[in-house]
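Right, one structure below, let's go through it.
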Amino acid sequence: MRKRPLCMVCLILLAIQLVRVSFLQNTKDQKPSLAETLISDEKDVICEGTVYRIENKSQSTAIYLKDAVVSCTDQKSKNQIIKEKKILVTIKNNKSGKKIRMKIGQKLNVWGTKQSFHPPRNPGNFNQKSYYQKQGIHVGVLTKAEQVEIVLSEKDKNWIVLRWNSIRNQLDRLKNYWNWKIVSQMGKTHGAMLSAILLGEKSGLDPEMKKLYQKNGLGHLLAISGLHMSLIGMSVYRLLRKMGNSFLFSGIAGGGILFFYLVMTGPQVSSLRALLMFFIRMGAEITGRDVDQPTSLAVTAAILSIYQPLYLLDAAFLLSFGAILGILLLYPIFEQKTRLKAWEGFKISLAVNGMLLGIMLYYYFEVAPYALVLNVILIPLFPFVMLTGIGGILFSELSGTIGKIGFRSCDCLLTFYDKLCELTSALPGSRIVTGQPELWWVLIYYGVLLFLCFLFHAMKNKTDNRRKQAGFSLLVCIVIAGSICGCGILNNDSKNLQVTVLDVGQGDCIFIRDREGKKMLVDGGSSDLSSVGTYRIEPFLLSQGGRKLEYVFVTHGDADHINGIQELLQNQKRGVEIDALVLPPEEYMDEKLLHLAEIAKENGTRVLTIYAGEKVGTYLKCIAPLMTRKNERILGRMEAVPRLEAGNEASVVLELKDEAFQMLLTGDLEGRGEEQLVESGALESCPILKAGHHGSKNSGSEEFLQIVKPRLTLISAGIKNRYGHPHEETLERLQEIGSEVLSTQECGAITLRSDGRKIKVHKYL
């Protein structure tokens, strides 16, 4: 580092910024804005601001406003005007289909409801708050097209601003036109893929196709990345140089095209990194100096960290810079002279993936082993995908036939990509789900890796021994493979029982991992959150190393208990496998449960029914609902038991026992179902209770609680839900018997861990 003083200075700056972000948390975007603090959520507001970005999505349009002013419409805060640097306005598509045409630089008046961005409420969930903080956005406004008005104000007198806004609008129109051209020529699936590759337009991407590429370690191909920028910038530069143009002209032309391409597609961390490194490289060539890659990388990282310190905790930032760092540090360890270009590509792929392993596991909880080979095959073909796609766009304006040839060629290449991804997905071991490692594990991994790199480079300067190099290569491979295995073992702790009540809004979802290593789910749904299975339940399961669930229990057929499970069943191929779906007895099956059973069968999941008195595995036992027949399972005698109505009162009730640990899972049990269970004699004291029906007024009667006598009661309910759950009377009854109450409303996910003797309670928030 003594030979690279600038690199050293940049590394020190990065360390300072990291301390600010991670420990001090004193950057401007980590502090709440005035509107975020002073205006409560769901409050009606009026805001005015200037459009600086427009994103068209499948069900809405996102408008980004700058230099905004926000005010409340209620009488108490009517005169309160708050300045906000940036605001996100989400215009929901309505049935009328009315849309408002707007341009960058226009001023808008918007009426709508204020919304805040929230941190994750379960392990493994997406951090919405952090995502928008990195963009300098703290609040949003949800509205409709009818509530948006373009302000007819005097034009900005600043000629530069007017011209710049005009250029951006022209680029935006060009992007939309090219997107339409591509989709109309290539169809929705591959058209949307090519549009994402060339234009960064992701709104039309097929979710299943997107997931296919992500699970195969090829998600970076469907986004504007450093690879795209490098291909375009260097292609233009080299073409101009071959035509006899000077370094200066070629560099400026290549950089200018890259800059406007970035403006059109939207600035991403990876594209910003590629643009800055391109300018540094061009500056070096123009001045006749050699490019020092470590210094170039450090300078670029330092510039971006000054622009936005929160980038240092961003997965995209870490992956983009980590990939280059892997080539600089790890690749020399594997670098041995060979004539096989494919083998060289594999070693580069191994170096990059080895450096990115810790980041991938921490943010995405799994690795795709075949990505090492897939990237070697598909990345060399990627320039042809871009070339044929660009050729199709440009030549279609001159000749429809030539344009169709370009699009057809691109379609064939993308089809090859799809088939290869499908093939590798079907192979054994295509996905290794380890779960999210602890931060200390990630730091140890990179500590060991960087130590080996330092040792190798120190020894290489003294001697160039092939055997030593081969030994280092093997050692690095062992560290990478051992880390994957070690992380998987740590996140599949079978010594302790784990029960997690997930925060799914207004709904129920309970994850169980017993001491035999079996993973189970009891219910999974929500009435106030859309796609709860995709965005809350599945990421949590993957973060826990849950590639497969042995059992999924459904207590009854209400949507807030099953709609997430339906998503999991349909997404098993690329998500979480479900071995068996366990449903209530046949006499309590409704249409929703029968439909769920059909979905399960269609997706290769066994469908079972459970009856009172039956055990599943070692620790779980069903105690309700009682059957009108065969009720000797509970009573020991044949007595007529009144039939319950299918639904809440006929909820499946499960008892979880593991030595000193005992928990009662009641679904939405209430009313007659509770009374019947009390009268049956099957109910006994239980120190931990999952409250029935989200703590409603009709659940947890005095008779029920006097028998159970829970010391700890867990309630799953949505924040400010329209039902008023949990009810004050229920909370009072629990307080009277001395039960501690924890709710997902305040705690987020609630996790219990036990070794059979001691119980530890962890609140996520």
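Summary table
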{"quantity": "Mean Cα-pair separation over length for segment 34-153, i.e. relative contact order, pairs under 8 Å, 6 or more apart, %", "calculated": "30 percent"}
{"quantity": "Distance in nm between pseudo-label sites at Ile150 and Arg722 (7 Å out along the Cβ direction from Cα)", "calculated": "3.5 nm"}
{"quantity": "Furthest towards positive pole of dipole, Gln498, Ile484, Cys453, structure part segment 452-514, Cβ charges", "calculated": "Cys453"}
{"quantity": "Potential extension, Glu684-Asn245 segment - 0.36 nm per residue separation minus Cα distance", "calculated": "149.3 nm"}
{"quantity": "Contour excess over end-to-end distance, with Cα ends at Leu328 and Ala426 and 0.36 nm allotted per residue", "calculated": "31.9 nm"}
{"quantity": "In degrees, nearest ten, helix 559-570 long axis to first principal axis of the chain (Cα)", "calculated": "50 degrees"}
{"quantity": "222 nm mean residue ellipticity, helices alone, for the chain (DSSP H n ≥ 4; -39,500 (n - 2.57); rounded to 500)", "calculated": "-14500 deg cm²/dmol"}
{"quantity": "Fraction of beta bridges assigned by DSSP in segment 497-763 that are antiparallel (%, nearest 5)", "calculated": "55 percent"}
{"quantity": "Relative contact order [Cα under 8 Å, 6+ residues apart], the chain, whole percent", "calculated": "8 percent"}
{"quantity": "Between helix 466-490 and the chain: long-axis angle, C-alpha atoms, 0 to 90°, nearest 10", "calculated": "30 degrees"}
{"quantity": "Principal-axis tilt of helix 5-19 within the chain, Cα atoms, nearest 10 degrees", "calculated": "20 degrees"}
{"quantity": "Entries of Lys129/Lys518; Lys210/Lys548; Lys573/Lys657; Lys66/Lys144 with Cα pairs more than 25 Å apart", "calculated": "Lys129/Lys518; Lys573/Lys657"}
{"quantity": "Listed residues Gly251, Leu669, Leu34: farthest to the positive end of the dipole of the chain (Cβ charges)", "calculated": "Gly251"}
{"quantity": "29 Å Cα-Cα threshold exceeded, pairs from Lys615/Lys760; Lys592/Lys760; Lys114/Lys592", "calculated": "Lys592/Lys760; Lys114/Lys592"}
{"quantity": "Two-site label geometry, Arg173 and Asp493: point separation in nm, points 7 Å out along Cα→Cβ", "calculated": "6.1 nm"}
{"quantity": "Added length on full extension, which subtracts the Cα-Cα distance from 0.36 nm per residue, Thr401 to Phe451", "calculated": "12.3 nm"}
{"quantity": "DSSP-defined antiparallel bridges as percent of all bridges, the chain, nearest 5", "calculated": "70 percent"}
{"quantity": "Exposure rule at most 16 other beta-carbon atoms within 10 Å, DSSP loop chymotrypsin sites (Phe, Trp or Tyr not before Pro): the chain longest free segment", "calculated": "127-722"}
{"quantity": "Relative contact order (%) - segment 497-763, alpha-carbon pairs under 8 angstrom, separation at least six", "calculated": "17 percent"}
{"quantity": "Listed residue pairs exceeding 31 Å between alpha carbons, taken from Lys188/Lys601; Lys92/Lys519; Lys86/Lys181; Lys134/Lys202; Lys85/Lys720; Lys134/Lys460", "calculated": "Lys92/Lys519; Lys86/Lys181; Lys134/Lys460"}
{"quantity": "Net dipole in debye of the chain [+1 Lys, Arg Cβ; -1 Asp, Glu Cβ; about Cα centre; nearest 20]", "calculated": "4280 debye"}
{"quantity": "As computed over segment 385-509, the Cα convex hull volume per residue (Å³)", "calculated": "276 Å³"}
{"quantity": "Partner aspartates and glutamates for Lys211 [C-alpha distance under 12 Å; skip if fewer than 8 residues away on the same chain]", "calculated": "Asp418, Glu422"}
{"quantity": "Rounded to the nearest 20 debye, dipole of segment 34-153 from Cβ charges on Lys, Arg, Asp, Glu", "calculated": "340 debye"}
{"quantity": "Overall Cα dimensions of segment 497-763, principal axis frame, Å, largest first", "calculated": "46, 41, 39"}
{"quantity": "GluC sites (Glu not before Pro), loop per DSSP, at most 16 other Cβ atoms within 10 Å - longest free stretch of the chain", "calculated": "155-334"}
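Rule-based calculations on the coordinates, nothing more; no lab input. Note that the coordinates shown come from a computational prediction; the quantities given were computed from them, not determined experimentally. Heads up, the Cβs are rebuilt from the backbone with ideal geometry, glycines too, and the neighbour counts pull from every protein chain shown.
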